[in-house]
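Student: Right, I'll just put the structure down here and ask away after.
Only the coordinates and a few stated rules stand behind these numbers; no lab work does. The structure presented is a predicted model; accordingly, all values stated were derived computationally and were not measured. Positions of Cβ are generated from backbone atoms using ideal geometry, with glycine treated the same way; all protein chains shown enter the neighbour counts.
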Amino acid sequence: MRIIIEKDYAGVSRRAADFVEALLRRKPNAVLGLATGSTPLGLYRELIRRHKDEGLDFSGVTTFNLDEYYGLAPDHPQSYHHFMRVNLFDHINVPGDNINIPSGTAKNIAKSCDDYERKIREFGGIDLQILGIGSDGHIAFNEPGSSLASRTRPKTLAPETIRDNARFFGEGEEVPKFAITMGVGTILESAACLLLATGKGKARILAEAVEGPVTSQVTASALQLHPHAIVIADDEAASCLKRRAYYEHVERVSSGFGGES
Ligand code: GLP
């Protein structure tokens, strides 16, 4: 794993945008895996800025999002479809037909999950998957106990996740208890994974994911099995990493190798 530590949230967002931009310059028809949550918002703002000010072009890009709440229609204000439109897609030039997000309302959920997996394969797989980390260590909505070989499927949300995500919902509004999510196995098939973690609240769980055992109890730890997993953390989120000094040393001295894994 490559661990990059930046001073603050803005630094993490810019650094993550650099990885996306480098990919798009190398491969204008790249397949991007996208995440929701508050962590990637700065990255999305930076991509929008580079699109508007510097002409970063998304016209050939295809996107696959990690997850969606079960039962929420695409126009529901708390749906991840809506989140992605408002925070990214409405402001860049990715064609609408190239955007893929799991359906939270499909009549045949199992079929729609299989179709999602098939479509990712048809597009040659995901080149770069953006990830956040939940406070229980989940990636996408792969809650503790998720099979590390899991594929896109429905998942029952953990009480901790429902509590965390309640802040996005209005008072009295019910937070969904289920989601449709890419599996850990799906995510691990991406050519590269970029996990962003910011703030004190993520420090303990990030250390477990990066330096603890690979376990389905902390599904982000499965990234240790990935040959091209990069973590970008801010100072606060990196504060519980035991080998922090080594990771910083690696970043200072190894740039000539073109990246560690
Ligand atoms: C949700 C999403 C995850 C995200 C997590 C963390 O559970 N399904 O993909 O990583 O929230 O969110 P935040 O970035 O707001 O801490």
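Student: In debye, nearest 20: dipole of the chain around its Cα centre with unit charges on the Cβ of K, R (+) and D, E (-)? Walk me through the numbers on the way to the answer.
Tutor: Numbers: 30 positive and 34 negative charges, 72 e Å.
Charge dipole, the chain, about its Cα centre: 340 debye, nearest 20.
Student: Same structure again: What is the set of long-range amide H partners of Cys193 at a cut-off below 5 Å, with H atoms built 1.01 Å from backbone N?
Tutor: Placed amide hydrogens put Gln129, His228, Ala229, Ile230 under 5 Å from Cys193.
Student: Then there is this: Which entries in Lys155/Lys202; Lys107/Lys155; Lys52/Lys119; Lys200/Lys242; Lys7/Lys155; Lys27/Lys202 show an alpha-carbon gap greater than 25 Å?
Tutor: Values: Lys155/Lys202 22 Å; Lys107/Lys155 16 Å; Lys52/Lys119 30 Å; Lys200/Lys242 15 Å; Lys7/Lys155 35 Å; Lys27/Lys202 32 Å.
Lys52/Lys119; Lys7/Lys155; Lys27/Lys202, as the Cα separations exceed 25 Å there.
Student: Treat each spin label as a single point 7 Å out from the Cα along the C-beta direction, and report the Val175 to Leu225 distance in nm.
Tutor: Taking the two extended label points, one gets 2.8 nm.
Student: In addition: Over the chain, what number does the Rg to Rh ratio reach, with both radii from the alpha-carbon atoms and Rh per Kirkwood? Please list the in-between numbers first.
Tutor: Working: Rg = 17.3 Å, Rh = 18.4 Å.
Checking Rg against Rh, the ratio lands at 0.94.
Student: When the chain is treated as a GNM, springs tying every alpha-carbon pair under 10 Å, which of Asn93, Asn108, Asn165 comes out with the largest mean-square fluctuation?
Tutor: Most flexible of the set in this elastic network: Asn108.
Student: Can you compute 3J(HN,Hα) from phi for each residue in region 201-216, using the Karplus curve 6.51 cos²θ - 1.76 cosθ + 1.60 with θ = phi - 60°, rounded to whole Hz and x for Gly and Pro?
Tutor: Karplus values, whole Hz, x for Gly and Pro: x, 9, 4, 5, 6, 5, 4, 4, 5, 8, 10, x, x, 6, 8, 5.
Student: Does region 85-140 come out rounded, prolate or oblate, given a ≥ b ≥ c as the square roots of the eigenvalues of its C-alpha gyration tensor, rounded meaning a/c under 1.5 and, failing that, prolate meaning a/b above b/c?
Tutor: Details: a/c = 1.37, a/b = 1.04, b/c = 1.32.
Because its axes are fairly even, with a/c under 1.5, region 85-140 counts as rounded.
Student: Hey, another quick one. Which of Ile126, Ile230, Ile99 moves the most in a Gaussian network model of the chain with Cα springs under 10 Å?
Tutor: Ranking Ile126, Ile230, Ile99 by mean-square fluctuation puts Ile99 first.
Student: Among Ala233, Gly183, Val253, whose Cα lies farthest out toward the positive end of the dipole of region 144-261, if unit charges sit on the beta carbon of Lys, Arg (+1) and Asp, Glu (-1)?
Tutor: Positive-most Cα among the choices belongs to Gly183.
Student: Let me ask something else. Using only alpha carbons, build the gyration tensor for region 48-158 and give me the equivalent ellipsoid semi-axes, biggest first, whole Å. Provide the component values of the computation, followed by the final result.
Tutor: Numbers: eigenvalues 123, 51, 48 Å².
Working through the eigenvalues yields semi-axes of 25, 16, 15 Å.
Student: Suppose R0 equals 45 Å; then what is the FRET efficiency for Arg118 and Lys242 from their Cβ-Cβ distance, rounded to the nearest 0.05?
Tutor: On the way: r = 41 Å, r/R0 = 0.92.
Here the calculated transfer efficiency is 0.60.
Student: Still on this model: Kindly provide the helix-only [θ] at 222 nm of the chain, computed as the sum of -39,500 (n - 2.57) over DSSP H runs of four or more divided by all residues, to the nearest 500 deg cm²/dmol? Could you put the intermediate results ahead of the total?
Tutor: Working: 8 runs with 85 residues, N = 261.
After summing the helix terms and dividing by residue count, I get -10000 deg cm²/dmol.
Student: Quote the charge dipole size of region 1-78 about the Cα centre in Debye, to the nearest 20; the model charges only the Cβ of Lys and Arg (+1) and of Asp and Glu (-1).
Tutor: Around 360 debye, computed over region 1-78.
Student: With springs connecting C-alpha atoms under 10 Å apart, model the chain as a Gaussian network and identify which of Leu128, Leu148, Leu241 has the largest mean-square fluctuation.
Tutor: Judging by the Gaussian network model, the answer is Leu241.
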